Amino acid sequence: MPDQQPPASLSEIATDWCMRLHFDECSDADREAFQRWHDADPSHAAEYATICRIWNVSAQLPARPVTPIKAKPRRRYHSSWARAAVVVLACGAIWVTGWSAGVLPGSVRYYAAQDTRHQVILPDLSQVELNRNSDLLYLGYNDQRRVVLTDGEAYFDVQHNVEKPFVVAADNANVRVTGTHFNVWTAPQQTTVTLTQGAVQVTHNDQRAELTPGMQATLMPGRELQLGRVDPARASAWRKGKLMLDDISLRDALPLINRYLNTPLQLNDREAGELRFGGIYDTAELEQLVAALPQILPVTMHLADGVRLISSRSTR
């Protein structure tokens, strides 16, 4: 009589879908089947989102050499869910050992802010305020606290712990502290770290800088680390619903403005990007600023492919 396999759990099914969709051999038929399963029940979508967050955590773990072992003969199951079960069980078995060796995190948390700012307390009791459209991944190792922040903005009030440094991994920099207050704005094209209180160490490729209160580090791909003196209150004005632009180029202003817009702005020519302006704006009313741009600057705007293209009048 053939073995009767127990039905796969929701977690096992979601894990199997996550693995299938992350590999190139996933077919269009697979994707259509996944969409039907995903949309069939809200619990399917929630469990799949959870598994994907775990998958993303694994991408942050350091690579470790793998020692091949000789597999023992075992039954071959017809159900594809058995593969997912093996992965889940294997991860659970090595997690405790990995944490004690400092390789795997003992605490993992994911936080997100969508249309409004969001305040969170991390497992180490550090406090973080996330700007809208920002998310954060917390990994608590036995020798450090690590946060992953990409394409977002956050203000950190870090709980002091000399034995467990607090490291923020952003798009273009790592920020290392033991306890302090600082703001991080980050996107693929630029990362800005502004220190309010305490001290932080910023690294960018092979460059390193120590910041003291009132200092700001700007880091961009392929560029030297830049340091300057600023008013920290301006960098964190978003916490009070304000966006402060101080004689800034339109090219540098757009990433700051787009965080608050449903339809983003995009430069259509180089001349428009070099234009400069400034002011203090309410983040809830930035659409008014966008509407006024053709009156503030010599530019025109038109909608194309879901973005608002900004062109210099001199190029028309």
Failed condition for residue 154, given (1) on the phi > 0 side of the Ramachandran plot; (2) among the aliphatic types (A, V, I, L, M); (3) buried (at least 22 other Cβ atoms within 10 Å of the Cβ): (1)
Mind checking which residues of the stretch 271-293 are β-branched (Val, Ile, Thr) and free of Cβ contacts under 8 Å to residues at least 40 places away in the same chain? 290
Count - residues of the stretch 252-270 that are without any contact (Cβ under 8 Å) to a residue 40 or more places away in the chain and assigned to a loop (DSSP other than H, G, I, E, B): 2
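Which members of the stretch 122-138 meet the condition of being in contact with a strand residue (DSSP E or B) (Cβ under 9 Å, 6 or more places away or on another chain), closer than 15 Å to residue 179 by Cβ and of a type outside the set (D, E, K, R)?
First, the residues of the stretch 122-138 that are in contact with a strand residue (DSSP E or B) (Cβ under 9 Å, 6 or more places away or on another chain): 122-124, 126-138.
Those left that are additionally closer than 15 Å to residue 179 by Cβ: 122, 124, 126-128.
Residues satisfying the conditions are 122, 126, 127, 128.
Determine whether residue 141 is more than 19 Å from residue 177 (Cβ to Cβ) and out of contact with any Phe, Trp or Tyr (no Cβ under 6 Å at 6 or more places or on another chain). Give the steps one after another, and end with the answer.
Working: more than 19 Å from residue 177 (Cβ to Cβ): no; out of contact with any Phe, Trp or Tyr (no Cβ under 6 Å at 6 or more places or on another chain): yes.
For residue 141, the condition - more than 19 Å from residue 177 (Cβ to Cβ) and out of contact with any Phe, Trp or Tyr (no Cβ under 6 Å at 6 or more places or on another chain) - is not met.
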Tell me which residues, restricted to the stretch 206-236, are touching a Lys or Arg at 6+ places or on another chain (Cβ under 9 Å) and either assigned to a strand (DSSP E or B) or within 17 Å of residue 177 (Cα to Cα) (or both). 214, 215, 216
Say we look at the stretch 146-159 and pick out the residues that are modelled with pLDDT of 90 or more and in a loop (DSSP other than H, G, I, E, B); which of these is nearest to residue 196 (Cα to Cα)? 158
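From 245, 219, grab the single residue that is crowded, with 16+ Cβ neighbours inside 10 Å and within 23 Å of residue 116 (Cβ to Cβ).
Working: 219 fails: within 23 Å of residue 116 (Cβ to Cβ).
Going through 245, 219 in turn, the sole match is 245.
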Residue 246: passes all of (1) in the same structural domain as residue 148 (by TED's automatic domain parsing); (2) modelled with pLDDT under 90 but (1)
Pull up the stretch 113-145, narrow it to residues that are surrounded by fewer than 20 Cβ atoms within 10 Å (Cβ to Cβ) and closer than 24 Å to residue 219 by Cα, then point me to the one that is modelled with the highest pLDDT. 129
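Taking the condition of being in a loop (DSSP other than H, G, I, E, B) and touching a helix residue (DSSP H, G or I) at 6+ places or on another chain (Cβ under 6 Å), how many residues in the stretch 106-141 meet it? I'd like the intermediate steps shown before the answer.
Let us first name the residues in the stretch 106-141 that are in a loop (DSSP other than H, G, I, E, B), namely 106, 114-117, 122-126, 131-133, 141.
Filter once more, so that each one left must be touching a helix residue (DSSP H, G or I) at 6+ places or on another chain (Cβ under 6 Å): 106, 131.
Residues in the stretch 106-141 being in a loop (DSSP other than H, G, I, E, B) and touching a helix residue (DSSP H, G or I) at 6+ places or on another chain (Cβ under 6 Å): 2 in total.
The values are calculated or read from the model by the stated rules, or taken from the named source; none is laboratory data. Note that the structure is a prediction, hence the values are computed from the model and not measured. For neighbour counting, all protein chains shown are included, and Cβ atoms are generated from backbone atoms with ideal geometry for every residue, glycine included.
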